[in-house]
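First up is the structure itself, then whatever we jot down about it.
The values are calculated or read from the model by the stated rules, or taken from the named source; none is laboratory data. Given the structure is predicted, the values throughout are model-derived calculations rather than measurements. Neighbour counts run over all protein chains shown; Cβ positions are idealised from the backbone, glycine included. Accessible surface areas use protein heavy atoms only, side chains included; no ligands, DNA or RNA. Shrake-Rupley method; radii C 1.70, N 1.55, O 1.52, S 1.80 Å.
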Amino acid sequence: MIASIAAMLSACASLGTPVGLEAGQTVAVVNSLSWDNPLTGKRDGVRTSWPLKDGKVAAEYFPLAQLKQCDADTKVCAWGVMRAWRNAPTFSYAQGGVNLSLALEMDVARRQQARQGEVQTSMTIPQDVAALAGKSQVRPALNLKYGKVEQVDLDYGVRYQVCVQRYDADGKVIDRCEIPYI
């Protein structure tokens, strides 16, 4: 009887606290989409952080970006405009991390448009320039450990990195995600 009361009290104490977290701790998904800047050759991209709350991870639409791919033999280059987005339809807390199901999509074409709220952007590669074209979709199921970066390589040198990190009750980072700020 004492054992069953202790188990019930333990269950009540952890009610509302996800598996593997202590009371007051929260978790955020840190992710980055990066590519080689076609003008400078340096890595370019975007890094963001999204809290896990209400059983959801917010969908993310990355900014439009230009990509370039050159033929090594003839030095002829083709250009394209990338539109990419990420969704995480499901996640669950696990001991030491988070299991995350991703839907990552990338569309590369001569012309792209994007609308986010009141802002609409568009980019076009001129008609006299060779254009890249392609669509890809990956749906990895990742078992992310807190503070450990996972990487998904996409076409044209595009790289997606993701990590989960915990915060204590005061909002201080417990685990560092070593994804560079770009």
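Points to keep in mind about this one:
- Any hit, the stretch 52-66, residues being assigned to a strand (DSSP E or B), aromatic (Phe, Trp, Tyr), at pLDDT 95 or above and under 29 Å from residue 112 (Cα atoms): no
- Every residue from the stretch 89-109 that is in a strand (DSSP E or B) and either more than 22 Å from residue 65 (Cα to Cα) or touching a helix residue (DSSP H, G or I) at 6+ places or on another chain (Cβ under 6 Å) (or both): 89, 90, 91, 92, 93, 94, 97, 98, 99, 100, 101
This table checks each residue for (1) among the basic types (Lys, Arg); (2) under 20 Å from residue 44 (Cβ atoms).
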{"residue": "101", "(1), (2)": "no, no"}
{"residue": "108", "(1), (2)": "no, yes"}
{"residue": "114", "(1), (2)": "no, yes"}
{"residue": "124", "(1), (2)": "no, yes"}
{"residue": "128", "(1), (2)": "no, no"}
{"residue": "151", "(1), (2)": "no, yes"}
{"residue": "154", "(1), (2)": "no, yes"}
{"residue": "159", "(1), (2)": "yes, yes"}
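- Residue count, the stretch 143-182 (criterion: among the acidic types (Asp, Glu) and closer than 18 Å to residue 87 by Cβ): 1
- Selection of first residues in the stretch 35-64 that are more than 30 Å from residue 77 (Cα to Cα) and of second residues that are open to solvent by 50 Å² or more (accessible area, probe 1.4 Å) and not hydrophobic (A, V, I, L, M, F, W, C), restricted to Cβ pairs under 7 Å at least 6 apart or on distinct chains, gives the following pairs, ordered by first then second residue: 51/26; 59/87.
- The residues of the stretch 119-145 that are in contact (Cβ under 8 Å) with a residue 40 or more places away in the chain and within 16 Å of residue 32 (Cα to Cα), listed by number, are 142, 144.
- For residue 50, the stated conditions hold: it is farther than 19 Å from residue 132 by Cα, of a type in the set (A, V, I, L, M, F, W, C) and buried (at least 16 other Cβ atoms within 10 Å of the Cβ).
- Conditions (1) open to solvent by less than 80 Å² (accessible area, probe 1.4 Å); (2) charged (D, E, K, R); (3) within 18 Å of the chain's Cα centre (by Cα); number of the one not met by residue 178: (1)
- Looking across the stretch 79-105 at every residue that is more than 14 Å from the chain's Cα centre (by Cα) and hydroxyl-bearing (Ser, Thr, Tyr), the one that is surrounded by the fewest Cβ atoms within 10 Å (Cβ to Cβ) is identified as 92.
- Tally of residues being surrounded by 13 or more Cβ atoms within 10 Å (Cβ to Cβ) and not in a strand (DSSP E or B) across the stretch 37-47: 2
- Restricted to the stretch 35-93, and to residues there that are aromatic (Phe, Trp, Tyr) and touching a strand residue (DSSP E or B) at 6+ places or on another chain (Cβ under 7 Å), the residue that is nearest to residue 108 (Cα to Cα) is 79.
- Residue among 137, 116, 112, 120 that alone is under 23 Å from the mean Cα position of the chain (by Cα), polar (S, T, N, Q), under 18 Å from residue 64 (Cα atoms) and buried (at least 17 other Cβ atoms within 10 Å of the Cβ): 112
- Among the residues of the stretch 123-132, those that are surrounded by 11 or more Cβ atoms within 10 Å (Cβ to Cβ) and part of a loop (DSSP other than H, G, I, E, B) comprise 125, 129, 130, 132.
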